[in-house]
1. Can you compute the modelled spin-label distance between L10 and R26, with each label point 7 Å from Cα toward Cβ, in nm?
2. Determine ³J(HN,Hα), in whole Hz, for all residues of the range 13-30 in sequence, where each value follows from phi through the Karplus function 6.51 cos²θ - 1.76 cosθ + 1.60 and θ = phi - 60°; x replaces Gly and Pro.
3. Tell me, what ³J(HN,Hα) does each residue in the range 5-10 have, in order and in whole Hz, if you take phi through Karplus 6.51 cos²θ - 1.76 cosθ + 1.60 with θ = phi - 60° and put x for Gly and Pro?
4. Charges at C-beta only: +1 for Lys and Arg, -1 for Asp and Glu. How large is the resulting dipole of the chain about its Cα centre, in Debye rounded to 20?
5. Find the all-direction average of the projected area of the Cα convex hull for the range 2-57, expressing the result in square nanometres with one decimal place.
6. Working out 0.36 nm times the residue gap between A3 and E17, then minus their Cα-Cα distance, what length gain in nm do you get to one decimal?
7. Helix-only mean residue ellipticity at 222 nm, the chain, DSSP H runs n ≥ 4 weighted -39,500 (n - 2.57), per residue, nearest 500. What is it?
8. With an 8 Å Cα cut-off and a minimum separation of 6 or more residues, compute the relative contact order for the range 2-57 in percent.
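Every number here is computed from the coordinates shown, using simple stated rules; none is lab data. All values reported here derive from a predicted model rather than from experimental measurement. Positions of Cβ are backbone-derived with ideal geometry, glycine not excepted, and every protein chain shown enters the neighbour counts.
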Amino acid sequence: MEAQYHLAVLYYRECLEAAERREDCRATQFFALKLAACYDQMGFAAKAAHFRALACPGDLPLLG
């Protein structure tokens, strides 16, 4: 089952990069959340948090 998540991550990353190139905010958010969910399932909490922050940048305080 873990291999399924690795394939999903590859696919979602490609889609996320394409959405970023198109500057499509809604698609970027969608695929970032999909990546976060995959990384959560795989046990990579830090990576999941990174993509969740990318999807919802206004929800987190700025580090600085």
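1. With each label point 7 Å from Cα toward Cβ, the separation is 3.0 nm.
2. For the range 13-30, the Karplus-derived couplings read 5, 4, 5, 4, 4, 5, 5, 5, 4, 7, 6, 9, 4, 5, 5, 4, 4, 4 Hz, x marking Gly and Pro.
3. 5, 4, 5, 4, 4, 4
4. 20 debye
5. Result: a mean projected hull area of 3.2 nm².
6. In short, 2.9 nm is gained.
7. After summing the helix terms and dividing by residue count, I get -26000 deg cm²/dmol.
8. 33 percent
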